[in-house]
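Read the structure below first, then the notes.
The values are calculated or read from the model by the stated rules, or taken from the named source; none is laboratory data. This structure is a prediction, so every number in the text was calculated from the model and none was measured. Backbone-built Cβ (ideal geometry, glycine too); neighbour counts: all protein chains shown. Just the protein is used for accessible areas: all its heavy atoms, side chains included, with ligands, DNA and RNA removed. Shrake-Rupley method; radii C 1.70, N 1.55, O 1.52, S 1.80 Å.
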Amino acid sequence: MRNFLLVFAAATLPLLAQTSVQYQLKFPNAVHHEAEIRATFQGVSQPVLEVLMSRSSPGRYALHEFAKNVYNLRASDGAGHALPVTRPNPYGWNVSGHHGTVVIDYTLYGDRVDGTYAAIDQTHAHLNLPATLVWARGFEHAPASLRFEIPAGSNWHVATQLIPEAGGAWSAPNLEWMMDSPVELSNFDMPEWKIENATFRLALHHQGTPEAARSFAELCKAVVLEEEGVFGAFPKYDGGTYTFLIDYLPYADGDGMEHRDSTVISGTEELPASARLAIGTVSHEFFHSWNVKRIRPRSLEPFDFERANMSGALWFAEGFTNYYGPLTLARAGISTPEQFFSGMGRAVNAVLRAPGRNVNDVVEMSQMAPFVDAARSIDPTNFENVFISYYTYGQALAFGIDLAIREQFPGKSLDDWMREAWREHADIDRPYTLDDLQSALAKATGSPQFAANLFERHISGKEPLDYAALLAPAGLKLQKTNAGNAWVGRERLSSGDGAVEIAGNTLVGSPLYNAGLERGDQITACSGQTIANATDLRACVEKHSPGEVVKLNVKTRTGSKIVGVTLAEDPSLEIVMNEHASLPLSPEQKTFRELWLKSKALHHLPKFE
């Protein structure tokens with residue numbers, strides 16, 4: 001999103017002086033998760049005003065059809081006279097007969113505490129604005145003001161990146177700014193701190209104590225300082241403030257959603273007991289204030305509130321952020337090197353073992369986001385065999401590329417690529433293409449050949465990185481987790497009715513797949529032994545060696561049969577530190593690792609035990 005304060009003032013002021021939108025939000029039936037909302041559109045020039053509810057939301061890449069939670073919608077003119085409303089599609093309303101002013105009143109239902117939807121109850125109103133507010137075609141560049149009627153006796157306050165105005169209103173210069181500005185109304189704790197010219201606020205709605213909030217704020221501060229060190233400076237936050245909007249509640253859903261000058265984070269964590277777990281989402285989301293909100297793919301610009309937004313760059317925007325989240329915690333001393341390497345091992349294992357790696361490259365995986373990013377469908381897919389999450393794939397790539405740069409270009413690292421992307425694309429006015437990313441990598445390393453080779457083989461191509469070789473200079477080893485153990489596959493299994501059912505598609509190349517078994521097949525016996533659950537099946541397999549054939553009694557769509565399954569060696573991989581694998585750690589390897597995980601903070605960091 002651009003610096004709309006400047007763009008708005010310079011480019012659209014004559015038009016916007018004539019058109020505006022005012023919103024009023026009340027919560028008289030919060031106990032039943034309802035809000036009453038009024039939107040007033042002034043300066044309407046078109047005979048028929050098209051009023052819409054968004055279908056997508058900043059930070060999401062799939063459709064969510066927010067109109068399903070809007071009802072009792074009615075329209076009137078500025079004098080209170082009812083206006084005719086027609087419904088041209090499931091997410092829009094057409095209003096005619098006005099005289100320049102249209103007032104829309106409606107009821108909104110919301111009961112999901114996360115980064116995508118709205119949640120209203122007696123404890124708070126947690127509002128993602130695309131899921132909350134209607135808008136009108138032709139008013140995309142009109143300024144908007146919002147007023148919230150605080151329920152009596154609630155002690156609610158307002159936390160948002162919207163611009164505070166006199167009289168208690170909040171404003172945005174246009175639609176895109178407004179929709180990218182979530183709001184939390186509750187009796188939250190709000191520790192805040194200042195670093196250089198930036199103020200950071202933690203609006204924390206939870207069931208803990210103010211002391212727990214202040215303690216968690218110290219963890220957040222460490223993350224903020226460490227990630228600033230990667231780029232060398234904070235973004236220029238509009239208004240000079242960045243706000244963490246956090247709901248840790250027993251009835252919340254785990255989520256994190258980035259916005260330009262704020263982030264929404266939700267979960268069931270109880271502070272301070274779960275602080276070290278919860279801070280991982282903070283680390284990921286705050287890194288987004290650079291990577292994706294400002295270093296932004298051109299494929300996501302302009303953001304389309306009516307269609308799914310497809311990008312081939314999510315391996316970088318989301319996946320690289322997924323790498324820097326845990327790396328930040330290790331550098332800040334919040335987590336241990338062992339925890340960091342273990343997490344990277346899980347990502348590498350997932351990518352190297354996934355059949356989808358041979359079907360789609362990482363760009364194509366990113367382009368599948370509209371089908372997987374919390375999208376809903378009821379028909380079965382074959383995603384187990386054709387898809388790897390761009391979060392996981394990008395994380396594993398970032399991990400390996402960081403190692404490759406450090407080994408081939410002493411004194412350089414992935415941090416240099418990120419800083420170069422930041423220099424070249426420091427704001428949304430200069431969104432990047434994949435060619436731009438390759439160019440930035442070439443500049444960061446001083447080697448166009450390295451960048452071209454990497455993109456050709458591992459970004460546009462499907463070739464995996466050689467992780468075993470890349471790990472060695474850091475004193476790390478990629479090894480099989482269960483070497484020598486028999487393995488029947490890693491398919492999802494469910495137990496019931498005295499059988500084990502294959503709950504997901506069998507994976508290309510697995511023993512179950514090679515034996516012709518499929519989703520829905522039920523295994524009732526293994527080597528003549530009755531099978532009642534997945535534990536029984538594993539126990540049967542463990543009695544055998546790789547290469548042996550076990551007989552499974554199976555109920556399939558075509559009837560019951562006995563199937564011979566050739567067991568394989570468990571291919572699961574893990575990353576271990578040399579010193580934990582009875583291998584020597586050379587001084588060079590120790591130095592390599594220390595430089596990698598050394599704090600990059602430009603200011604004093606809090607100390608954590």
For this session: For region 263-272, indicate whether the set of residues that are open to solvent by less than 20 Å² (accessible area, probe 1.4 Å), small (Gly, Ala, Ser) and either under 19 Å from Glu184 (Cα atoms) or in a helix (DSSP H, G or I) (or both) is non-empty.
Result: yes
Exercise. For region 491-609, list the strands (runs of 3 or more DSSP E) that sit wholly inside it and hold at least 2 residues that are farther than 30 Å from Asn358 by Cα; which are they?
Worked result: 493-496, 522-526, 549-556, 559-566
Problem set entry | Scope region 409-441; condition surrounded by 18 or more Cβ atoms within 10 Å (Cβ to Cβ) and closer than 21 Å to Ala469 by Cβ; matching residues | Ser413, Leu414, Trp417, Leu441
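Assess whether Asn360 counts as being polar (S, T, N, Q), surrounded by 17 or more Cβ atoms within 10 Å (Cβ to Cβ) and part of a loop (DSSP other than H, G, I, E, B).
On the way: polar (S, T, N, Q): yes; surrounded by 17 or more Cβ atoms within 10 Å (Cβ to Cβ): yes; part of a loop (DSSP other than H, G, I, E, B): yes.
For Asn360, the condition - polar (S, T, N, Q), surrounded by 17 or more Cβ atoms within 10 Å (Cβ to Cβ) and part of a loop (DSSP other than H, G, I, E, B) - is met.
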Seminar exercise, completed: From the option list Arg147, Arg137, single residue qualifying as of a type outside the set (Val, Ile, Thr), touching an Asp or Glu at 6+ places or on another chain (Cβ under 8 Å) and either farther than 16 Å from Leu245 by Cβ or open to solvent by 60 Å² or more (accessible area, probe 1.4 Å) (or both) is Arg137
Exercise. Would it be correct to say that Leu300 is in contact with a Phe, Trp or Tyr (Cβ under 9 Å, 6 or more places away or on another chain), under 28 Å from Lys600 (Cβ atoms), open to solvent by 10 Å² or more (accessible area, probe 1.4 Å) and not small (Gly, Ala, Ser)?
Worked result: no
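Which residue out of Thr86, Thr116, Thr107 is in a strand (DSSP E or B), open to solvent by less than 70 Å² (accessible area, probe 1.4 Å), of a type in the set (Val, Ile, Thr) and at pLDDT 95 or above?
Working: Thr86 fails: open to solvent by less than 70 Å² (accessible area, probe 1.4 Å); Thr116 fails: in a strand (DSSP E or B).
After ruling out the rest, the residue left standing is Thr107.
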Problem set entry | Of all residues making up region 325-342, the number that are more than 18 Å from Leu414 (Cα to Cα) and either open to solvent by less than 30 Å² (accessible area, probe 1.4 Å) or in a loop (DSSP other than H, G, I, E, B) (or both) | 4
For this session: Would you please name the residue that is most open to solvent (accessible area, probe 1.4 Å), looking only at residues in region 446-490 that are more than 21 Å from Val541 (Cα to Cα) and assigned to a strand (DSSP E or B)?
Result: Lys477
For this session: Give me the pairs, please: first residue somewhere in region 559-588 and more than 20 Å from Val348 (Cβ to Cβ) and at pLDDT 95 or above, second residue anywhere and of a type in the set (Phe, Trp, Tyr) and crowded, with 16+ Cβ neighbours inside 10 Å, beta-carbon distance under 8 Å, and either six or more positions apart or on two chains.
Result: Leu567/Trp487
Exercise. Just for region 16-46: of the residues that are modelled with pLDDT of 95 or more, open to solvent by less than 30 Å² (accessible area, probe 1.4 Å) and hydroxyl-bearing (Ser, Thr, Tyr), which one is farthest from Val70 (Cα to Cα)?
Worked result: Ser20
Seminar exercise, completed: For Arg406, the lone unmet condition from (1) touching a residue at least 60 places away in the same chain (Cβ under 8 Å); (2) open to solvent by 10 Å² or more (accessible area, probe 1.4 Å); (3) part of a helix (DSSP H, G or I); (4) within 23 Å of Ser299 (Cα to Cα) is (4)
For this session: Search region 131-146 for residues that are at pLDDT 95 or above and pair each with any residue that is among the charged types (D, E, K, R) and assigned to a strand (DSSP E or B) when their beta-carbon atoms are under 9 Å apart and the residues are at least 6 apart or on different chains.
Result: Ala136/Glu50; Arg137/Glu50; Gly138/Glu50
